[in-house]
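Worksheet: one structure, shown below.
The values are calculated or read from the model by the stated rules, or taken from the named source; none is laboratory data. Bear in mind that the values here come from a model prediction, so they are computed numbers and not experimental data. A quick note on method: Cβ atoms are made from the backbone with ideal geometry, for glycine too, and the neighbour counts reach across all protein chains shown. Surface accessibility is based on the protein's heavy atoms, side chains included, excluding ligands, DNA and RNA. Shrake-Rupley method; radii C 1.70, N 1.55, O 1.52, S 1.80 Å.
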Amino acid sequence: MPHFNDLSQHLFGKPLAELGEIERRILTRAKERRTVATDTNAEFSAELSVGDRLADSIARVGGSWAFILSFCGFLVAWVVVNTVLLMTGAFDPYPFIFLNLLLSMLAALQAPVIMMSQNRQAERDRFAAAKDYEVNLKSEVELIALHHKVDDVLLREIAELRADLATLNRQLAQYRHIPDND
């Protein structure tokens, strides 16, 4: 790490001691010519617990058209069974109090599960944004380094061209001072 402080000053405009953790990691990876891009979905999913995966699955099913349509079918069947088929011995007659209880319990359980899934999606978005920042920062560092390399090459070529031009000017001056013997 002998040149890290120079690199830090050159690329970030501040000494190595003032860099954040991400900037240090990017500087190290850039110097070692290693990538920082990763599959954020796979990396994030690897850290999920069984409960997290279950909550995501429930939210995925509960937020689908298949669930909505099948649940509407269930509600229609419940109403038909308790009004038409079981007119005299319905287990949940017209105001459907038991159905309301079931719906309330379902909503009471489903809402927190969906909120957990949404919170996890927000965490996933923040995780992906942090990874995007790292990749963008490394790209910037690499571009700055590339610009400096190109500038160095151009300056070296300009110096060589000036030296060649000076040599040609000296040769031209010598040629002009040689008398004609013809």
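Put simply, the Cα atoms of segment 38-92 extend 64, 20, 8 Å along their principal axes, the longest span coming first. With the charge dipole of the chain set up from +1 on Lys and Arg Cβ and -1 on Asp and Glu Cβ about the Cα centre, the Cα lying farthest toward the positive end among the listed residues ALA59, THR28, ASN169 is that of ALA59. Any idea which of PHE96, LEU86, ALA122 is furthest toward the positive side of the dipole for segment 76-148, if Lys and Arg beta-carbons carry +1 and Asp and Glu beta-carbons -1? Of the candidates, LEU86 comes out farthest on the positive side.
Hydrodynamic estimate: the Kirkwood radius of the chain over Cα pairs, inserted into Stokes-Einstein at 4 °C and 1.567 mPa s, corresponds to D of 54 µm²/s. Annotation for PHE71 and THR167: the two label points, set 7 Å from Cα along the Cα-Cβ direction, are 8.4 nm apart. Placing +1 on the Cβ of every Lys and Arg and -1 on the Cβ of every Asp and Glu, with no other charges, gives the chain a dipole of roughly 320 debye about its Cα centre. The ALA46 and LEU85 beta-carbon pair, evaluated with R₀ = 41 Å, returns a calculated FRET efficiency of approximately 0.20.
The share of accessible area on the chain that comes from carbon and sulfur is 63 percent, using a 1.4 angstrom probe. Of all the Cα-Cα pairs you can form in segment 1-57, what percent are over 17 Å apart? For segment 1-57, the share of Cα pairs beyond 17 Å comes to 54 percent.
In this label model, LEU155 and ASP6 are separated by 1.2 nm, measuring between points 7 Å along each Cα→Cβ vector. The charge dipole of segment 125-181, taken about the Cα centre with unit charges on the Cβ atoms of Lys, Arg (+1) and Asp, Glu (-1), comes to about 220 debye, rounded to the nearest 20. Scanning the chain for GluC sites (Glu not before Pro) in DSSP loops with at most 13 neighbouring Cβ atoms within 10 Å leaves 48-182 as the longest stretch between them.
A viscosity of 1.306 mPa s and a temperature of 10 °C, combined with the Kirkwood radius over C-alpha pairs in the Stokes-Einstein formula, give segment 91-182 a diffusion coefficient of 74 µm²/s.
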